[in-house]
1. Could you tell me whether Thr25 is touching a residue at least 60 places away in the same chain (Cβ under 8 Å), under 22 Å from Lys327 (Cα atoms) and not acidic (Asp, Glu)?
2. Could you check, for segment 24-31, whether at least one of its residues is touching a strand residue (DSSP E or B) at 6+ places or on another chain (Cβ under 8 Å) and closer than 30 Å to Glu159 by Cβ?
3. Output the residue which, of all residues in segment 187-227 that are near the ligand (Cβ under 10 Å from one of its atoms) and aromatic (Phe, Trp, Tyr), is surrounded by the fewest Cβ atoms within 10 Å (Cβ to Cβ).
4. Please determine, by comparing only the residues of segment 238-259 that are within 16 Å of the ligand (Cβ to nearest atom) and not in a helix (DSSP H, G or I), which one is farthest from Glu177 (Cα to Cα).
5. Looking at this structure, is Asn272 free of Cβ contacts under 8 Å to residues at least 24 places away in the same chain and either more than 13 Å from the ligand (Cβ to nearest atom) or more than 18 Å from Lys293 (Cα to Cα) (or both)?
6. Scan segment 205-252 residue by residue and report those that are aliphatic (A, V, I, L, M) and over 29 Å from Ala317 (Cα atoms).
7. Considering each residue of segment 311-334, count those that are within 20 Å of Val87 (Cβ to Cβ) and among the β-branched types (Val, Ile, Thr), and give that number.
8. Only residues that are free of Cβ contacts under 8 Å to residues at least 12 places away in the same chain and touching a strand residue (DSSP E or B) at 6+ places or on another chain (Cβ under 8 Å): list them for segment 308-332, please.
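Every read-out reported here was derived from the displayed coordinates using simple, explicitly stated rules and does not represent laboratory data. In this text, all values refer to a predicted model and were calculated from it rather than measured experimentally. For neighbour counting, all protein chains shown are included, and Cβ atoms are generated from backbone atoms with ideal geometry for every residue, glycine included.
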Amino acid sequence: MGSIYNKIDLSENTLNLMKDARKLTDSVFGQGIYIRGIIEYSNICRRDCLYCGIRGSMPKVKRYRLSEDDIVKIAESHIKNGIKTVVLQGGEDPVVNTEYLCRVIKRIKSFDSESAVTLSIGKKSYKDYCALKSAGADRFLIRFETSNEKLYKKLHPDETLKERLKDIYNIKKAGFELGSGFMTGLPGEEDGDTDRNINMLKNLGVHMIGVGPFIPAPGTPLENFYPPSVDRIISIYAKVRLMMPDINLAATTAMDALHTGVRALSFDAGANVLMPNITPYEARENYNLYSRKGKVDKNLSSFSKVSKELKKLGYKALYNERGDSPKFIKEHSV
Ligand code: 5AD
């Protein structure tokens with residue numbers, strides 16, 4: 001049989017956690033999986049995060065930036081096909097500033113005010129977060145990456161964990177549905193970091209979670225370190241779900257970069273969101289945050305394929321639904 005379970009060793013403990021996590025997920029979401037489309041609009045970045053394959057100081061990366069028209073066109077064509085959330089993700093590109101993004105958001109929302117726009121754009125000022133919210137953006141993804149202060153500083157030479165947490169606080173205050181998360185298996189991670197990471201998510205009151213394994217990116221200072229085991233990251237998905245039943249948990253691309261099929265496995269551990277890449281191929285092949293990313297992205301090339309794949313796994317791709325997190329809906333209903 002080609003089942004992923006026959007190719008990967010999972011401990012008894014992890015299998016039990018998965019069972020409980022999936023049961024809980026079923027009780028909140030059924031077998032539905034929300035589908036979002038990600039547009040990687042620019043790989044130009046002023047930051048120099050040690051793990052990242054598009055960090056500013058990488059000499060060999062071919063840099064690109066999509067025009068406002070291109071971003072809007074891609075968003076509109078997918079919204080027409082039933083994608084009710086577009087995620088705009090990019091490096092911290094000084095040209096794609098708040099005004100640029102506000103124009104793009106307004107155009108997408110005027111095309112379809114019911115669709116959600118999610119931003120994954122990095123650091124801005126509180127004033128900028130408010131302007132982006134006023135322009136119509138609904139959600140914001142910003143990971144804290146690690147709750148270990150010392151390690152955070154090492155990995156992000158120009159920023160402290162405190163500063164990142166302040167940004168996360170400001171994003172929530174600006175009214176966004178908030179997504180955050182961390183990487184597991186980062187070089188320099190210490191005992192207890194994973195539990196602290198999960199607790200930090202809980203304490204931040206996030207509505208959406210994206211966690212994934214660290215995957216070495218060629219050309220970065222961390223290129224020779226190893227990623228964590230599948231068992232470890234899958235057990236973390238299950239633990240996160242068991243602690244937070246009413247949040248949206250994404251099956252992240254990095255899961256498949258670890259080993260093909262692991263992203264599918266993360267649904268069995270409680271994930272309920274899938275974010276296929278809808279960036280044009282010429283651009284996305286240069287958005288290599290880590291090795292094998294391009295290869296993994298290609299596996300989810302068409303939406304009919306996504307539906308078929310999910311059906312085979314026993315899940316149902318949900319199109320034509322915004323899929324706000326139950327936690328956010330509860331907090332905002334009067
Ligand atoms: N391995 C895994 N995830 C990575 N990211 C960036 N570089 C890597 C890597 N080498 C993740 C970060 C970031 C998100 C957009 O991609 O967690 O927040």
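1. Working: touching a residue at least 60 places away in the same chain (Cβ under 8 Å): yes; under 22 Å from Lys327 (Cα atoms): yes; not acidic (Asp, Glu): yes.
Judged against the criteria, Thr25 is a match.
2. no
3. Phe225
4. To start, the set of residues in segment 238-259 that are within 16 Å of the ligand (Cβ to nearest atom) comprises 240, 249-259.
Subset that is not in a helix (DSSP H, G or I): 249-252, 259.
On the way: Leu249: 13, Ala250: 14, Ala251: 18, Thr252: 18, His259: 31 Å.
Here the residue is His259.
5. Working: free of Cβ contacts under 8 Å to residues at least 24 places away in the same chain: no; either more than 13 Å from the ligand (Cβ to nearest atom) or more than 18 Å from Lys293 (Cα to Cα) (or both): yes.
Against the criterion (free of Cβ contacts under 8 Å to residues at least 24 places away in the same chain and either more than 13 Å from the ligand (Cβ to nearest atom) or more than 18 Å from Lys293 (Cα to Cα) (or both)), Asn272 does not qualify.
6. From segment 205-252, those aliphatic (A, V, I, L, M) are 206, 208-209, 211, 215, 217, 222, 230, 233-234, 236, 238, 240, 242-244, 247, 249-251; that's our starting set.
Selection gives Ala217, Leu222.
7. Qualifying residue count for the region: 1.
8. If the condition is that a residue be free of Cβ contacts under 8 Å to residues at least 12 places away in the same chain and touching a strand residue (DSSP E or B) at 6+ places or on another chain (Cβ under 8 Å), then Lys311 is the only one that fits.
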